[in-house]
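Written out below as structure tokens is the structure these notes cover.
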Amino acid sequence: MAIVCCVAQAATPPHFDGDRALELVAAQVALGPRSSEPARGAALSLYRQQLSGANSLTAHTFNWQWRQLPLRRGTNLLASFGPPDSTEQWLLAAHWDTRPIADHDPDPSRVAEPISGANDGGSGVAVLLHLAELMAAQPPPVRVDIALFDLEDLGAIDGQPYSIGAHQFVADHPDYRPDGGILLDMVCDRELSIPRERYSQRYAGKLQDRLWALAAQLGLSAIVERPGGAVSDDHLAFLRAGIPMVNLIHYPFPASWHTHADTLAQCSATSLAQVGELVSAFIYSAGDQ
Ligand SMILES: [Zn+2]
């Protein structure tokens, strides 16, 4: 007679499919640069559709006015998964907008054109959209929110700041207090290398240590044990509000950064899978710590 075991087991994370994530990068790139219409509206429709398995999906819209530039309207999306009454709550985020200029392109005649943003914009979102599919099918043990932030990449254009959407979100939601967050930015490069981003290390060191230990345990070679840069990105809005958030970002930035070479051809399903596997393992083991 068999004895059926009764020991509670940690949830096995669902399989994160790098090819599926790469398809979701391609779907965004196919819409065109997400810096102007009609691609922006089409991208938001795609995201809403991909996030439709969430418990709740809310849009946070805001206006952005800078000096004499035309008024811009920004849209952040927030989707929630897992038990809504969970005492533990994690935020996964990426920026969805793409840079409207290619200021690092080697061809001066094309600097004024918007970039495709396969890696810078598309990749982090693609990982989160695939995780959304996985979480809709197999809810995580704790509450997990996905935030897609707008207007990250106007930084230094006519003196504008980076991360307008993330700062606006934090300012407009003072009661939003997750236990911490993970930010994904530029995570698809074929030579992906993610060191310890410095603001994260200083202000979210414990969480960064947990992620790096988990990556080592999983044998993820793209997550490397060396100091990275201090990067102005969406996590700073949360760090300033006292919410620990770790930025997983390729550093030094790849040669395609803010150029017309930031295309699907630079992206790798294997790289996306490493980042997806790390985040998936983290959220499905949450609640055990
Ligand atoms: Zn950028």
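Structure values in brief
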| quantity | calculated |
| --- | --- |
| Karplus (6.51, -1.76, 1.60) ³J(HN,Hα), θ = phi - 60°, over the range 34-40, in Hz, Gly and Pro reported as x | 8, 10, 8, 6, x, 4, 5 |
| Extension reserve of the R240-A265 stretch, reckoned as 0.36 nm per residue once the Cα distance is removed | 5.4 nm |
| Descending principal axes extents, the range 17-137, alpha-carbon based, whole Å | 52, 36, 24 |
| Estimated distance in nm for a label pair at E37 and N55, the labels positioned 7 Å out from Cα along Cα-to-Cβ | 3.5 nm |
| Nearest-ten-degree value, helix 18-29 long axis tilted from longest Cα axis of the chain | 30 degrees |
| Simple Cβ-charge dipole of the range 18-284, Lys/Arg +1 and Asp/Glu -1, about Cα centre, in debye nearest 20 | 340 debye |
| Residue among I182, I157, I115 with the largest mean-square fluctuation in a Gaussian network model of the chain, springs linking Cα atoms under 10 Å | I157 |
| Bridge type composition, the chain - antiparallel percent by DSSP, nearest 5 | 45 percent |
| Calculated over the range 191-289: convex hull of Cα atoms, volume per residue (Å³) | 107 Å³ |
| Two-site label geometry, D288 and A136: point separation in nm, points 7 Å out along Cα→Cβ | 2.7 nm |
| Gained length - S86 relative to S232, 0.36 nm times residue gap less alpha-carbon distance | 49.5 nm |
| Residue (of H173, H258, V231) at the positive-pole extreme of the chain, dipole from beta-carbon charges | H173 |
| Theoretical ellipticity at 222 nm over the chain - DSSP helices of four or more residues, -39500 (n - 2.57) apiece, nearest 500 | -9500 deg cm²/dmol |
| Long-range amide H partners of G181 with built H, under 5 Å | L91, M245, V246 |
| Cα-based shape type of the range 18-284, given that a ≥ b ≥ c are square roots of the gyration tensor eigenvalues and the cut on a/c is 1.5 | rounded |
| Potential extension, R48-S109 segment - 0.36 nm per residue separation minus Cα distance | 18.4 nm |
| Cα-based helix-to-principal-axis angle, 124-137 vs the chain, degrees rounded to 10 | 30 degrees |
| Order by protection proxy (mean Cβ within 10 Å, highest first), peptides 244-250, 266-272, 104-110, 40-46 | 244-250, 266-272, 40-46, 104-110 |
| Other-chain or far-sequence residues with amide H under 5 Å of H95's (modelled H) | F149 |
| Calculated FRET efficiency for the pair D209/H15, C-beta based, R₀ 30 Å, to 0.05 | 0.70 |
| Euclidean distance between Cα centres, the range 129-154 to the range 214-277, Å | 16 Å |
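Laboratory data are not the source of any read-out in this text; all were calculated from the coordinates shown. It should be emphasised that the depicted structure is a prediction, and the values quoted were computed from it without experimental measurement. All Cβ positions, glycine included, derive from the backbone under ideal geometry; neighbour counts span all protein chains shown.
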